[in-house]
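Before any comments, here is the structure.
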């Protein structure tokens with residue numbers, strides 16, 4: 001929960017960031033809920049913010065993007081768009097209540113450092129009201145304090161509740177064995193060297209230059225398959241390829257070439273799992289790709305080749321009319337620290353949809369009535385967007 005990527009993604013998604021201020025003319029409190037020793041007030045701003053989120057969901061669900069989304073012909077799940085937005089917003093409000101209640105009932109411990117991190121992020125974001133996502137909430141009456149409070153609740157609490165249910169020790173714990181199978185099924189780990197047979201002007205190299213590439217790369221394959229570590233061989237490849245490219249691009253400056261400095265290998269024995277994985281990732285030799293062809297980011301021809309290679313098999317030389325490659329595929333689970341790094345991602349991918357459906361279904365069971373005046377005064381058509 002502590003990476004800028006996840007925070008920016010959460011803010012950009014604009015999922016249930018709430019406020020304590022209602023629009024002019026609306027009651028300040030939209031609803032109250034009590035059950036046993038649990039009670040919570042729902043500010044009108046919560047409902048308004050749910051409308052903002054629901055509105056944006058509706059934009060992706062209407063059948064005809066070329067028409068006004070509120071046109072009478074636009075139906076979502078059989079409902080007019082306006083009514084769908086309102087009904088969905090009410091469900092989101094109920095999810096807000098449900099998550100707070102379950103956090104309390106299950107005595108889920110939320111790390112203070114995560115809360116502090118979000119506090120600081122939003123404090124900084126609020127200083128830039130030109131930011132479109134911040135402006136959206138500001139323009140609809142969202143206060144900074146409300147944004148901080150409810151973002152923490154619906155991001156940090158949301159995640160911690162998920163982990164309390166499906167994570168280690170949870171009532172629906174997913175075993176490591178199951179997730180390791182998912183890891184193998186959804187991802188591939190490879191190491192790659194490449195050398196292009198064209199220069200930067202897309203002119204094909206001479207036969208002699210191409211043969212040098214082929215024979216050198218084949219030599220790397222032979223060394224790896226005789227037992228040398230891929231990473232060690234990669235250093236020789238890196239120095240050779242850097243000089244090779246320079247000599248091709250700057251033939252009149254051959255005497256000016258200076259080889260790059262290689263970073264010294266670090267002792268990994270004392271590294272934490274996170275430090276080890278960061279170090280390996282920064283070296284840039286090992287690559288983790290999705291096995292979903294459309295989401296992998298790999299050109300289709302290379303993807304098909306990698307998919308055909310045996311896990312834990314030998315290195316191979318491969319040519320695709322533009323590059324010579326040295327390729328080798330590795331077991332996703334050979335390093336426990338890598339699995340640990342991906343643990344939450346795997347768990348969300350495996351159980352995230354079930355969790356979201358659980359919250360939606362259980363929320364519908366909550367007997368919570370939103371003040372009709374609040375609903376009437378805050379029509380989806382009145383929401384303000386800065387774009």
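The values are calculated or read from the model by the stated rules, or taken from the named source; none is laboratory data. These figures come from a predicted structure and were not determined experimentally. No Cβ is skipped: glycine too gets one built from the backbone with ideal geometry, and neighbour counts run over all protein chains shown.
Tabulated data
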quantity	calculated
Filtered residue count, region 310-334, keeping only those that are in contact (Cβ under 8 Å) with a residue 40 or more places away in the chain and surrounded by 15 or more Cβ atoms within 10 Å (Cβ to Cβ)	13
Yes/no for residue 305 being over 21 Å from the mean Cα position of the chain (by Cα) and either surrounded by fewer than 12 Cβ atoms within 10 Å (Cβ to Cβ) or more than 30 Å from residue 38 (Cα to Cα) (or both)	yes
Positions within region 256-300 being over 26 Å from residue 187 (Cα atoms) and not in a loop (DSSP other than H, G, I, E, B), in sequence order	256
Single residue of region 87-99 satisfying the filter (in contact (Cβ under 8 Å) with a residue 60 or more places away in the chain and in contact with a strand residue (DSSP E or B) (Cβ under 9 Å, 6 or more places away or on another chain)) that is nearest to residue 157 (Cα to Cα)	96
Breaking point among (1) in a loop (DSSP other than H, G, I, E, B); (2) modelled with pLDDT under 95; (3) within 24 Å of residue 360 (Cβ to Cβ), for residue 174	(2)
Residue among 242, 252, 231, 236 that alone is in a helix (DSSP H, G or I) and exposed (fewer than 13 other Cβ atoms within 10 Å of the Cβ)	252
Region 200-232: number of residues that are out of contact with any strand residue (DSSP E or B) (no Cβ under 7 Å at 6 or more places or on another chain), touching a residue at least 40 places away in the same chain (Cβ under 8 Å) and under 13 Å from residue 328 (Cβ atoms)	2
Residue 353 vs. criteria modelled with pLDDT of 95 or more and assigned by TED's automatic domain parsing to the domain that holds residue 222	no
Qualifying position, being more than 28 Å from the chain's Cα centre (by Cα) and either in contact (Cβ under 8 Å) with a residue 40 or more places away in the chain or in a helix (DSSP H, G or I) (or both), among 82, 104, 67, 32	82
Tally of residues being in contact (Cβ under 8 Å) with a residue 24 or more places away in the chain and over 27 Å from residue 114 (Cα atoms) across region 161-179	1
Criterion violated by residue 367 - all others in (1) outside any helix (DSSP H, G or I); (2) surrounded by 14 or more Cβ atoms within 10 Å (Cβ to Cβ); (3) over 31 Å from the mean Cα position of the chain (by Cα) satisfied	(2)
